[in-house]
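These notes concern the structure reproduced below.
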C-alpha cells in the first residue's frame, strides 16, 4: 500500500475533522506535496460544505423506537460461542486426570513386599556384636537407627 492509498483512506475523516494530532499533520503534509490526493480531496470538501448548509430536521419521537423494534424483529438469535463452557470442560478434564493420577499413587501398593524387604534369619554372632556395639549410639539418638533397635528387641523377645 502506497502513501497515497493510505492518505486517500483518511481523507473523509480529515474533511469532517475527525483526525487529530499526528494523523492530521501527516495528511496535511502529504496534501502539500501531492496534487493527485488534493484532487481527491476537493469533491469531499464540496460534499461537506453542502451537508453543512442543510438544516437538520428533528425526527418524530417514535422514530427510534420503531427502528429498534424492526432491528430486533429481524435480528437472528445470536449464536455466541460459549468460551466459558469450553473452559469449564477443559478444567473438568484436567481435574479428572489429576484425581485419577492422585488415586493411582494413593491406592497403589507400596511396592512388592517380597522384593523391597530383606528378610533376616537368625542373627549370627557377628551381627549380634555389631548390633550391641551400635546400641549406645542408638540410645543417645533414639531415632538414628530404628532398624538396629528393632532387630535387638526382636532378638531379646525370642530369648525371652
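Some points to look at:
- The stretch between residue 32 and residue 122 holds 21.6 nm of extra length on full extension. This uses 0.36 nm per residue minus the Cα-Cα distance.
- Shape of region 3-53, Cα gyration tensor, a/c cut at 1.5: oblate
- Straightening the chain between residue 48 and residue 68 buys 4.3 nm, computed as 0.36 nm per residue apart minus the Cα-Cα spacing.
Readers should treat all values here as calculations from the given coordinates under stated rules, not as data from a laboratory. The structure displayed is predicted, hence computed values, not measured ones.
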